[in-house]
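Input: a single structure, listed below in structure tokens.
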Amino acid sequence: VQLQAFGGGLGQARGSLRIACAAFRRTLSNNGVGWFRQAPGKEREIVATINWDGGSTTYTDSVKGRFTISRTKGSNTVYLQMDSLKPEDTGVYYCAASRGSFASAEIASYRYWGQGTQVTVSS
């Protein structure tokens with residue numbers, strides 16, 4: 001499956017952005033999906049995960065209450081709504097599809113990766 005992340009750009013602190021991850025060539029509807037981000041000079045970190053049917057989601061502590069991961073069951077698109085943005089949310093955001101129906105925080109459990117979309121939050 002080929003993934004493409006899009007919708008990033010420049011946001012203001014306390015503002016909002018929404019990014020999306022779309023799948024091509026193969027359905028994404030049976031896979032768990034994770035959003036990761038990587039800031040300059042830092043390791044890639046998990047941001048949020050969602051299971052295949054959207055019934056279970058997880059968030060890293062720093063984005064809880066501000067970000068929302070979502071998908072429509074059967075859809076090939078997964079969204080990450082980012083509200084109350086902070087400058088520390090700046091980074092390249094990647095989406096990834098897990099090897100199975102459930103998603104975890106372990107990078108090694110993801111089989112397919114998108115190319116990333118840049119999110120920059122100004123103060």
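The values are calculated or read from the model by the stated rules, or taken from the named source; none is laboratory data. Note that the coordinates shown come from a computational prediction; the quantities given were computed from them, not determined experimentally. Cβ atoms come from the backbone with ideal geometry, glycine included; neighbour counts cover every protein chain shown. When the accessible area is computed, the model is the full protein with side chains, heavy atoms only, and any ligands, DNA or RNA have been set aside. Shrake-Rupley method; radii C 1.70, N 1.55, O 1.52, S 1.80 Å.
For SER70, are the conditions met, namely being among the hydroxyl-bearing types (Ser, Thr, Tyr), farther than 30 Å from SER123 by Cα and either open to solvent by less than 60 Å² (accessible area, probe 1.4 Å) or not in a loop (DSSP other than H, G, I, E, B) (or both)?
So SER70 fails the test.
In the set ALA48, ALA39, which member is hydrophobic (A, V, I, L, M, F, W, C), over 15 Å from ALA5 (Cβ atoms), without any contact (Cβ under 8 Å) to a residue 60 or more places away in the chain and touching a strand residue (DSSP E or B) at 6+ places or on another chain (Cβ under 8 Å)?
Details: ALA48 fails: over 15 Å from ALA5 (Cβ atoms).
From the options ALA48, ALA39, the qualifying one is ALA39.
So, ARG18, is that one out of contact with any Phe, Trp or Tyr (no Cβ under 7 Å at 6 or more places or on another chain) and either among the charged types (D, E, K, R) or in contact (Cβ under 8 Å) with a residue 40 or more places away in the chain (or both) or not? Working first, answer last.
Working: out of contact with any Phe, Trp or Tyr (no Cβ under 7 Å at 6 or more places or on another chain): no; either among the charged types (D, E, K, R) or in contact (Cβ under 8 Å) with a residue 40 or more places away in the chain (or both): yes.
Taking the combined requirement at face value, the residue does not satisfy it.
With the checklist (1) over 14 Å from PHE102 (Cβ atoms); (2) over 11 Å from the mean Cα position of the chain (by Cα) in hand, flag the one item TYR59 doesn't pass.
(2)
For the list (1) open to solvent by less than 30 Å² (accessible area, probe 1.4 Å); (2) free of Cβ contacts under 8 Å to residues at least 40 places away in the same chain, I need the number of the one condition that GLY65 fails.
It fails just one condition, (1).
Taking VAL119 as the residue in question, decide whether it is touching a helix residue (DSSP H, G or I) at 6+ places or on another chain (Cβ under 9 Å), under 19 Å from GLY7 (Cα atoms) and hydrophobic (A, V, I, L, M, F, W, C). Break it down stepwise before answering.
Details: touching a helix residue (DSSP H, G or I) at 6+ places or on another chain (Cβ under 9 Å): yes; under 19 Å from GLY7 (Cα atoms): yes; hydrophobic (A, V, I, L, M, F, W, C): yes.
Considered against the rule, which asks whether it is touching a helix residue (DSSP H, G or I) at 6+ places or on another chain (Cβ under 9 Å), under 19 Å from GLY7 (Cα atoms) and hydrophobic (A, V, I, L, M, F, W, C), VAL119 comes out as yes.
If you scan the range 79-113, which residues turn out to be hydrophobic (A, V, I, L, M, F, W, C), closer than 23 Å to SER29 by Cβ and surrounded by fewer than 22 Cβ atoms within 10 Å (Cβ to Cβ)?
So the first thing to find is which residues in the range 79-113 are hydrophobic (A, V, I, L, M, F, W, C), and the list is 80, 82, 85, 92, 95-97, 102-103, 105, 107-108, 113.
Applying the additional criterion that residues be closer than 23 Å to SER29 by Cβ yields 80, 95-97, 102-103, 105, 107-108, 113.
Correct list: PHE102, ALA105, ILE107, ALA108, TRP113.
If we keep just the residues of the range 21-36 that are without any contact (Cβ under 8 Å) to a residue 60 or more places away in the chain and over 12 Å from the mean Cα position of the chain (by Cα), which is surrounded by the fewest Cβ atoms within 10 Å (Cβ to Cβ)?
First, the residues of the range 21-36 that are without any contact (Cβ under 8 Å) to a residue 60 or more places away in the chain: 22, 24-27, 29.
With over 12 Å from the mean Cα position of the chain (by Cα) added as a condition, the list becomes 24-27, 29.
On the way: PHE24: 10, ARG25: 7, ARG26: 14, THR27: 11, SER29: 16.
The selected residue is ARG25.
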